[in-house]
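The values are calculated or read from the model by the stated rules, or taken from the named source; none is laboratory data. Model, not experiment: these values are computed from the prediction. Positions of Cβ are generated from backbone atoms using ideal geometry, with glycine treated the same way; all protein chains shown enter the neighbour counts. These accessible areas exclude ligands, DNA and RNA; they are computed on the full protein's heavy atoms, side chains included. Shrake-Rupley method; radii C 1.70, N 1.55, O 1.52, S 1.80 Å.
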Amino acid sequence: MDSEKIKEAKAPPSAIKNFIAGGAGGVCLVITGQPLDTIKVRLQTQVKGSNVYTGTWDCAKKTIQKEGFRGLYKGMATPLIGVTPIYAICFFGFGIGKKLQTTDPNQELSLPQIFNAGLLSGVFTTVIMTPGERIKCLLQIQSGDPKNSKYNGAWDCAKKVYKEEGLFRGIYKGTGATLLRDVPASGAYFMGYEMLLRYLAPEGERDKLSVLRTLAAGGCAGILNWIVAIGPDTLKSRFQTAPIGQYTGVIDVFTQMVRKEGFLSLFKGLTPVMLRAFPANAACFLGYEVAMNALNKIVPNW
């Protein structure tokens, strides 16, 4: 392969392509993973002694019995609407992180450098991720008759939270917890995916990687992501859904949870998280790679 072909093969995707392909991957992730995400949040926000749900299967069964199968998709509108900019910014931030560490256009970054680029992507997404997560979690913990629910959809929830608590203390409540979750987890996410791709893909043939191998790499990257993220995610969910004044901050959530419920309470919702992690993130990266390959063929000069 001559130098021009090498340069073309290693040219980074444009921001527009990352926006479209990242959005496609995000949509695939949300649709695939929302039911188990709802179960995860309900288990995470269940305080010790309430015994509403005894576990993952019990939560799924009771939710479907009381609210129908659609109950598992509560709060999906917010992440679904937000996935395009979130994943566009995520992959855009990852691209910037790689560019900042690149001295040669044809340089292959080391895995620690890929991890560092992933850290930056986690910072980039927090601005959009935090309010979306706040609204989603508040909607997900609502159970029972929708007529008696405080919030009637994502927009109604956003308006009421803003009216009662304001922008930064309300809509953006949990920003620190979101950063604590997403920054290291994003580093692990991208590093894990890249590491597996390098192992699975023949040299110079990444765009020819089979569907099964792409799914395997994406799914395993998702599991690695959640191994890092589950503890901070529990703190975030508990903080974002707590009544006003219950906690002074994330450290207070951690202190109270460990004291009252034990250290293992940080891993509430681990089962649905891990059940969701593989298929949801496999779908995400497959959607991203399919969209990116299609864009490279349709509009190669973008």
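Structure values in brief
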| read-out | value |
| --- | --- |
| Portion, in percent, of the accessible area of segment 106-254 that falls on carbon or sulfur, probe 1.4 Å | 63 |
| Solvent exposure of the chain as accessible area per residue, Å², 1.4 Å probe | 51 |
| Area of Val83 that stays accessible when all protein chains are in place (1.4 Å probe, Å², to 10) | 0 |
| Pair Leu275, Tyr199: separation of 7 Å Cα→Cβ label points (nm) | 2.6 |
| Pairs from Lys48/Lys150; Lys66/Lys150; Lys74/Lys160; Lys159/Lys268; Lys163/Lys236 whose Cα-Cα separation, in the structure shown, is over 20 Å | Lys48/Lys150; Lys159/Lys268; Lys163/Lys236 |
| List Thr45, Thr126, ordered by accessible area with a 1.4 Å probe, largest first | Thr45, Thr126 |
| Cα centroid separation - segment 209-278 against segment 60-91, whole Å | 16 |
| Cα convex hull volume per residue for segment 179-284 (Å³) | 102 |
| Computed magnitude of the charge dipole of the chain (debye, nearest 20; Cβ of K, R +1, Cβ of D, E -1) | 1060 |
| Residue with peak Gaussian network fluctuation, the chain [Cα springs, cutoff 10 Å], from Leu109, Leu100, Leu180 | Leu100 |
| Val258 paired with Asn301, simple spin-label distance in nm, labels 7 Å along Cα-to-beta-carbon | 5.9 |
| The chain: most fluctuating residue of Ala242, Ala24, Ala280 per GNM, C-alpha cutoff 10 Å | Ala242 |
| Met76 accessible area, 1.4 Å probe, all protein chains in place, Å² to nearest 10 | 40 |
| Estimated FRET transfer efficiency when R0 is 22 angstrom, pair Thr102-Val211 (beta carbons, to 0.05) | 0.15 |
| DSSP loop trypsin sites (Lys or Arg not before Pro) with at most 16 other Cβ within 10 Å: longest gap in the chain | 151-302 |
| Ile227-Leu167 pseudo-label distance in nm [points 7 Å out on the Cα-to-Cβ vector] | 4.0 |
| Of the DSSP H helices in the chain, those whose Cα atoms cover at least 24 Å axially and whose Kyte score averages -1.0 or more | 15-44, 77-100, 111-140, 175-200, 211-241, 270-298 |
| Taking the chain and dividing mean pair separation by its residue count, relative contact order in percent (alpha carbons under 8 Å, at least six apart) | 27 |
